[in-house]
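Structure first, then comments.
Values quoted throughout were computed directly from the atomic coordinates according to the rules given, and no laboratory measurement underlies them. Since we're looking at a predicted model, the values are computed, not measured. Here the Cβ positions follow ideal geometry from the backbone for every residue, glycine too, while neighbour counts run over all protein chains shown.
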Amino acid sequence: MKDPLSLKNQLCFPIYALAKEVINQYRPLLDELDVTYPQYLVLIVLWDNEEQTVGQLGEKLFLDSGTLTPLLKRMEQKEMVIRKRSSNDERIVKLSLTPKGTALKEKAKSIPHRIMESIGISQEELLILKEIIIKILNKKK
């Protein structure tokens, strides 16, 4: 490697560019549901788990409460989620889906397949890429 500070020699740049590109692929599909990419991720977690605390959600999505709070507030205004303080501990906020939030799951079912087609790599390549990314993310913990 001649110049370690050259853009073409940076690991971070292609990862950054790929993340932007993938999110851009999602945008028109999510516009159909009237959700942003971060809201879509929240919905995915709640579709898997009926109820989550804000803390649990933050851990799963690698987001802090300062980022999650306004995001969840907007989702609540759109009547997708309900935020409720725990009766046992006022500091804990529990999240659950509204019927509208639950209904969006059916509309979102085609998104993973449509994204896969738009990215243009095989299922096998995608699984390899995902394993490498997860390995890097888990090393951070």
With a 10 Å radius around each residue's Cβ, average the other Cβ atoms per peptide and rank 39-46, 6-13, highest first. 39-46, 6-13
Which of the pairs LYS73/LYS105; LYS20/LYS94; LYS2/LYS130; LYS107/LYS139; LYS20/LYS78; LYS20/LYS105 have their Cα atoms more than 28 Å apart in this structure? LYS20/LYS94; LYS2/LYS130; LYS107/LYS139
Cα gyration tensor of the chain - equivalent ellipsoid semi-axes, whole Å, descending: 31, 20, 14
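Under 13 Å from the Cβ of ILE92, count the other residues' Cβ atoms, weight Lys and Arg +1, Asp and Glu -1, and hand me the total. It would help to have the intermediate numbers written out before the result.
Values: positive: ARG83, LYS84, ARG85, ARG91, LYS94; negative: GLU51, ASP89, GLU90.
Cβ neighbours under 13 Å give a net charge of +2.
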Placing +1 at every Lys and Arg Cβ and -1 at every Asp and Glu Cβ, with all other atoms neutral, what dipole size does segment 7-139 have around its Cα centre, in debye to the nearest 20? 280
Based on DSSP loop calls and a cut-off of at most 10 other Cβ atoms within 10 Å, the longest stretch of the chain free of exposed GluC sites (Glu not before Pro) is what? 91-141
